[in-house]
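> A single structure is presented below for examination.
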Amino acid sequence: MAAGSALLVGLVEEFVSGQQDSKAADTATGLKAGQFTILQLVEALGLHLASSQPQTRARGVQLLSNVLQQCHGDLTEREVEVLLVFYENRLKDHYVITPHVLKGLKALVSLNLSSLINQRIVEIRVVNIETVQLCNNQHDLYVAYLHVVKLMDHFSHPTELKGLGADFVFGFVQSVDGERDPRNLLLAFQIARKIIHGGYDLGKFTEELFEVTSCYFPIDFSPPPNDPHGITQEELILALRAVLTGTPRFAEFLLPLIIEKLDSDVQSAKVDSLQTLTACASVYEHKELAEFLPGLWASLRREVFQTASERVESAGLAALGALTACISRSVLNSDSEDYLNVFLDLVLKDCQHHLCEPDLKLVWPSAKLLQATSTASYRASHRVAAAIMPSLIEQYNSRTQVSHTSQLGLKSSEEDESVLLDFRQSLCSIVFSALSEDSAGLQITSLRVLTNWSACGLVLLSASPCLSSLAVVECAGALACLHPLAFISKMVPRLKEEIFSGGLGSKAVRQRCLTALAAVSSRPSVVQESTPVLLQVLTSSHTGTGSFSLEEVISVCHNLQRIAEHAQDTEETGRVFHDIVIPRLLGLALQAASATHFNVEVPQLDRLLLELEELSCTCDHPLSYTSAAKCYAGLVNKRPAGEALDSLIDRMLKRISTELDCSSSSVRTQAFTLLLWVAKALLLRYHPLSTALTDKLFSLLSDSELGLLAADGFSLLMSDSPDVLNRGCNADVRIMYRQRFFTENSAKLVLGFNSAAQERKSGYLKALSHIVNNLPRQVQLTELPALLPLLLEALSCPDQAVQLSTLSCLQPVLMDPPSALITQLEALVGRTLTLTTSPAMKVRIASLRCIHALSRFPEHEIMPFRARVLRALAVPLDDLKRMVRSEAVVARNEWFLLGSPGGR
């Protein structure tokens, strides 16, 4: 230990006196190694901490804090308590030491000793606020305030906040009283805001806290030239505003103060007061404002009516809107007063009559006040519009003071569309009449209103015979290029509502709405919103849930084509069509083609089949050519037998054979897709020509490019298709078509396998596994002896899909094994055990289930394999996958009980 003490003294001396910062890491290493304790480090720092030089004391505390940051996790509760007392005393030391004290406290507070730390932090905060009160110069006071801010930032815990009580608030109030230094005021405002928002108990000192901060309102500080601290008036204004508007408990003191300050002749004071009132409205509720509404309205009205300053007017209108929005949020009940109506009565009483007076002096200020009020909330807009719109329309119609009246009426019309529905006819007449007036102001205002109305669909839906719907649609299309967001948020939802609700009961209006959707869809952002609406019309018509006529469905298709032709050619537009429009159209076309009943005559069927064949064989979009092939197959499946159908199939087969036989053809995949679906369509209905198509599929199993696709294609031939060629789609599906196909083609499959090159045999094995796997179990049992060599060969195929398909086919057969399987038991056990270590989890599980099924064979036949199987099953028992381990346990239990008493 003596050696450790000497080492510690040396490290301390080199760090403090030698200014070698790296020794802090060496000290932490020694502490972790147990060469000395943290308290021994504090003792070793004793002489340095007692030095008369603040810098020396600071280096000592810095070393301790740096070590604590690396080693605080190994401290005992006793050591933590001693360190907290030490740091609390250091806070009373010179300000250069404080940053290092805070660093150490931050390390200690991260320990899981919350009750001890929180109690001590409370004491530390009290010490700091007492220190603030004792400061006798501005710099020390600034440092003390900074300590408090940092402590509140770093060590805020809910339990300790409640424990501080009102004493902390009172101490802070005393420390701030009379402060004039801008730096100190900025920090004091931060502390006050943290007290308000941090949950401190203000107790009986709420008014004192308000008074000690509000005495600086409004801020009139002007920074001196070359101010080294860089504090601006705006910073102080925002910091004080955050305090004054931080809690509704200040409302009874602040609102009278704002009314008082609005009487000031200083413009900046007025603006500050109005902006503070606006901020209050986002925090207060109607009950805090109710008592002061008349006084506030009188002040706001005066500022807008009498001011010559645009800043004051703008701030006043913003404050009025914020007040109205706040009051609008009040929840009404049967016995409560509607404060919004009370306030709006004041506004309308003082403003409405000015709109009808010959003297124009107060018209515009009144209009601005009414507009600020009405745009604040939905309720306010309805009340104001209902009060002023009839009189404005009447004035325009009487042609008195046309200029100001129509401009005022048009400006007032820039509201939520639902507010104006009752005045739609009159307002549309005013808009188009104003366009022909000589006044440039009228023309500009009416154009602006027309833009807004076009975006919400108001003009388009007007039933006025004097309006040209075509002109309105063209106008909307032009405006949508300039204001796409307005059309997305207003017009598209409005048109959608009209299309599906049929509110006006007019098919002509619905047609205009469909046309308008296409007209405004030039920007990609609008296309993303409009095309789903048109597609929804098609879907609704297809499912029968909508009352759309054939003409309207055709109109939708034409409008989608128009969008594709005229929309901006961008990546976003292309993505909408490729990801949404085309797949949905193809899906609807496929459903229509598949669901058509036999006795329904499809118009121009031959032309439709030719178009589908062309699309299937030439298109390079996978979804498109696949959907076209499905549609073609669905129609062929239902077409009556005869020379016309045979001729159609012969022509199609020649075309796709030409493409498939040419290895350089770029559309071989497309041709194969059409071949596969038409083969299935004919196979389902026992058509004689199906053999020609399936023979072509068999020949492709040896193709280097399409072999694997052809093998997987037999799964499609033998399984049920969910979207086409099934009985639910009215397809012609004969019973036992799978058994018939297997009987007619199994020999071809075996012959092809035997004659194929070694690298092509896997395709035949995959095709076989797909065919057998889809046969009924009784057929599998009957045909298994002839196919067993191929199935065993399939288990050795490297293709995991073939392995899984074959195992799935074998497992149910193994539950009741025929005699042919017993003769192949050696190969079956060996190859199945090999697959229990396959990289594919599904193959491992399927092979273990087959091993389990093999345990049901006659005991005398499988007993020779028991030891071999148990050894092999030890590997999957430790498999990483729980499902594999579970299957291995079940299989091993069955094999383990073989031959034992009580066993099977």
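The values are calculated or read from the model by the stated rules, or taken from the named source; none is laboratory data. Predicted, not measured: the structure shown is a model, and the values here were computed from it. When we count neighbours, we look across all protein chains shown, and the Cβ atoms used for this are built from the backbone with ideal geometry, even at glycine. We work out accessible area using only protein heavy atoms, side chains counted, and drop any ligands, DNA or RNA first. Shrake-Rupley method; radii C 1.70, N 1.55, O 1.52, S 1.80 Å.
Yes/no matrix, rows are residues, columns are (1) open to solvent by less than 30 Å² (accessible area, probe 1.4 Å); (2) touching a Lys or Arg at 6+ places or on another chain (Cβ under 6 Å):
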site: Asp265; (1), (2): no, no
site: Ala269; (1), (2): yes, yes
site: Gln275; (1), (2): no, no
site: Ala290; (1), (2): yes, no
site: Pro294; (1), (2): no, no
site: Trp297; (1), (2): yes, no
site: Arg302; (1), (2): no, no
site: Phe305; (1), (2): no, no
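> While we're on this one: Going by what's in this entry, would Ala318 be described as part of a helix (DSSP H, G or I) and either at pLDDT below 85 or crowded, with 16+ Cβ neighbours inside 10 Å (or both)?
Yes, satisfied.
> Is it true that Ala641 is in a loop (DSSP other than H, G, I, E, B), within 20 Å of Ser690 (Cβ to Cβ) and without any contact (Cβ under 8 Å) to a residue 60 or more places away in the chain?
Yes: the conditions hold for Ala641.
> Moving on to the next point. Could you identify the single residue in Leu682, Leu709 that is of a type in the set (A, V, I, L, M), open to solvent by 20 Å² or more (accessible area, probe 1.4 Å) and assigned to a helix (DSSP H, G or I)?
Unique residue meeting the criteria: Leu709.
> For Leu7, are the conditions met, namely being buried (at least 20 other Cβ atoms within 10 Å of the Cβ) and either more than 24 Å from Val149 (Cα to Cα) or among the aliphatic types (A, V, I, L, M) (or both)? Break it down into steps so the answer makes sense when it comes.
Details: buried (at least 20 other Cβ atoms within 10 Å of the Cβ): no; either more than 24 Å from Val149 (Cα to Cα) or among the aliphatic types (A, V, I, L, M) (or both): yes.
Here the answer is no, as Leu7 does not meet what is asked.
> Which condition breaks for Leu255 when tested against (1) modelled with pLDDT under 85; (2) aliphatic (A, V, I, L, M); (3) crowded, with 20+ Cβ neighbours inside 10 Å?
Unmet condition: (1).
> Please find, among Ala58, Ala144, the residue that is modelled with pLDDT of 75 or more and open to solvent by less than 20 Å² (accessible area, probe 1.4 Å). Show your work before the answer.
Values: Ala144 fails: modelled with pLDDT of 75 or more.
So the residue among Ala58, Ala144 that is modelled with pLDDT of 75 or more and open to solvent by less than 20 Å² (accessible area, probe 1.4 Å) is Ala58.
> For Ser403, are the conditions met, namely being at pLDDT below 80 and either part of a helix (DSSP H, G or I) or open to solvent by 60 Å² or more (accessible area, probe 1.4 Å) (or both)? Show your work before the answer.
Numbers: at pLDDT below 80: yes; either part of a helix (DSSP H, G or I) or open to solvent by 60 Å² or more (accessible area, probe 1.4 Å) (or both): yes.
So Ser403 fits the description; yes.
> Quick one: Ser264 ticks every box in (1) under 20 Å from Gly246 (Cα atoms); (2) not in a helix (DSSP H, G or I) except a single one, so which number is it?
So the condition that Ser264 fails would be (1).
> So the check is Cβ under 8 Å with 6+ separation or different chains; which pairs have a first residue in region 210-229 that's over 18 Å from Gln190 (Cβ atoms) and a second one that's of a type in the set (Asp, Glu)?
Filtered contacts from region 210-229: Pro218/Asp272.
Table: residues versus (1) surrounded by 14 or more Cβ atoms within 10 Å (Cβ to Cβ); (2) within 32 Å of the chain's Cα centre (by Cα); (3) modelled with pLDDT under 85; (4) more than 30 Å from Asn637 (Cα to Cα).
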position: His542; (1), (2), (3), (4): yes, yes, yes, no
position: Val556; (1), (2), (3), (4): yes, yes, no, no
position: Leu560; (1), (2), (3), (4): yes, yes, no, yes
position: Ala564; (1), (2), (3), (4): yes, yes, no, yes
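> Return the total of residues in region 751-767 being in contact with a Cys (Cβ under 9 Å, 6 or more places away or on another chain) and not polar (S, T, N, Q). Explain how you work it out, then say what you get.
We begin by selecting, within region 751-767, every residue in contact with a Cys (Cβ under 9 Å, 6 or more places away or on another chain); these are 761-762, 765-766.
Still in the list and also not polar (S, T, N, Q): 761, 765-766.
Matching residues across region 751-767 total 3.
Residue-by-condition table, conditions (1) surrounded by 13 or more Cβ atoms within 10 Å (Cβ to Cβ); (2) modelled with pLDDT of 90 or more:
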{"site": "Ala827", "(1), (2)": "yes, no"}
{"site": "Leu833", "(1), (2)": "yes, yes"}
{"site": "Ile845", "(1), (2)": "yes, yes"}
{"site": "Cys850", "(1), (2)": "yes, yes"}
{"site": "Arg856", "(1), (2)": "yes, no"}
{"site": "His860", "(1), (2)": "no, no"}
{"site": "Leu870", "(1), (2)": "yes, yes"}
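> Say we look at region 572-604 and pick out the residues that are over 25 Å from Val667 (Cα atoms) and free of Cβ contacts under 8 Å to residues at least 40 places away in the same chain; which of these is surrounded by the most Cβ atoms within 10 Å (Cβ to Cβ)?
Across region 572-604, the extreme among qualifying residues is Val602.
> Oh, and also: Does region 739-750 contain at least one residue that is among the basic types (Lys, Arg), touching a residue at least 12 places away in the same chain (Cβ under 8 Å) and open to solvent by less than 40 Å² (accessible area, probe 1.4 Å)? Don't jump to the end; show me each part of the working.
Of region 739-750, the ones among the basic types (Lys, Arg) are 740, 748.
Now drop any that are not touching a residue at least 12 places away in the same chain (Cβ under 8 Å), which leaves 740, 748.
Imposing the further condition that a residue be open to solvent by less than 40 Å² (accessible area, probe 1.4 Å) reduces the set to none.
No, every residue in region 739-750 fails to be among the basic types (Lys, Arg), touching a residue at least 12 places away in the same chain (Cβ under 8 Å) and open to solvent by less than 40 Å² (accessible area, probe 1.4 Å).
> Between His621, His687, which is out of contact with any Leu (no Cβ under 9 Å at 6 or more places or on another chain), open to solvent by less than 50 Å² (accessible area, probe 1.4 Å) and not β-branched (Val, Ile, Thr)? Don't jump to the end; show me each part of the working.
Numbers: His687 fails: out of contact with any Leu (no Cβ under 9 Å at 6 or more places or on another chain).
Exactly one residue qualifies, and that residue is His621.
> Take the residues of region 94-116 that are among the hydroxyl-bearing types (Ser, Thr, Tyr) and surrounded by 15 or more Cβ atoms within 10 Å (Cβ to Cβ): which is modelled with the highest pLDDT?
Thr98
> Can you name every residue in region 280-323 that is β-branched (Val, Ile, Thr) and more than 14 Å from Lys368 (Cα to Cα)?
Passing the criteria: only Val283.
> Can you report the number of residues in region 220-261 which are assigned to a loop (DSSP other than H, G, I, E, B), under 43 Å from the mean Cα position of the chain (by Cα) and closer than 24 Å to Ser299 by Cα?
Pass one, region 220-261, residues assigned to a loop (DSSP other than H, G, I, E, B): 220-232, 245-247.
Add one more test, that the residue is under 43 Å from the mean Cα position of the chain (by Cα), and what stays is 230-232, 245-247.
After this cut, where a residue has to be closer than 24 Å to Ser299 by Cα as well, the list is 245-247.
Residues meeting the conditions: 3.
> Output the number of the condition that Leu91 fails; it satisfies all remaining conditions of (1) closer than 15 Å to Leu11 by Cα; (2) open to solvent by less than 20 Å² (accessible area, probe 1.4 Å).
(1)
> If you don't mind, there's one more thing I want to ask. State all residues of region 874-889 that are exposed (fewer than 15 other Cβ atoms within 10 Å of the Cβ) and hydrophobic (A, V, I, L, M, F, W, C); if no residue qualifies, say none.
Ala874, Val875, Leu877, Leu880, Met883, Val889, listed by residue number.
> Which residue, of Leu588, Leu550, is closer than 23 Å to Ala519 by Cα and either modelled with pLDDT of 80 or more or in the same structural domain as Pro524 (by the TED database) (or both)? Explain how you work it out, then say what you get.
Numbers: Leu588 fails: closer than 23 Å to Ala519 by Cα.
Of the residues listed, the single one that is closer than 23 Å to Ala519 by Cα and either modelled with pLDDT of 80 or more or in the same structural domain as Pro524 (by the TED database) (or both) is Leu550.
> Given the criterion open to solvent by 50 Å² or more (accessible area, probe 1.4 Å), in the same structural domain as Arg868 (by the TED database) and either at negative phi or in contact (Cβ under 8 Å) with a residue 12 or more places away in the chain (or both), identify the matching residue among Thr823, Thr782. Let's see the steps before the verdict.
On the way: Thr782 fails: in the same structural domain as Arg868 (by the TED database).
Among Thr823, Thr782, only Thr823 is open to solvent by 50 Å² or more (accessible area, probe 1.4 Å), in the same structural domain as Arg868 (by the TED database) and either at negative phi or in contact (Cβ under 8 Å) with a residue 12 or more places away in the chain (or both).
> Just give me the residues in region 167-216 being more than 15 Å from Leu240 (Cα to Cα), hydrophobic (A, V, I, L, M, F, W, C) and assigned to a helix (DSSP H, G or I), in sequence order.
Hits for region 167-216 are Phe168, Val169, Phe170, Phe172, Phe205.
> If you don't mind, there's one more thing I want to ask. Going through Ser847, Ser886 one at a time, which residue ends up being assigned to a helix (DSSP H, G or I), without any contact (Cβ under 8 Å) to a residue 24 or more places away in the chain and within 45 Å of the chain's Cα centre (by Cα)?
Values: Ser847 fails: without any contact (Cβ under 8 Å) to a residue 24 or more places away in the chain.
Among Ser847, Ser886, only Ser886 is assigned to a helix (DSSP H, G or I), without any contact (Cβ under 8 Å) to a residue 24 or more places away in the chain and within 45 Å of the chain's Cα centre (by Cα).
> Take the conditions among the acidic types (Asp, Glu) and within 25 Å of Val779 (Cβ to Cβ) and apply them to Asp816. Does it pass?
Details: among the acidic types (Asp, Glu): yes; within 25 Å of Val779 (Cβ to Cβ): yes.
Answer is yes for this residue.
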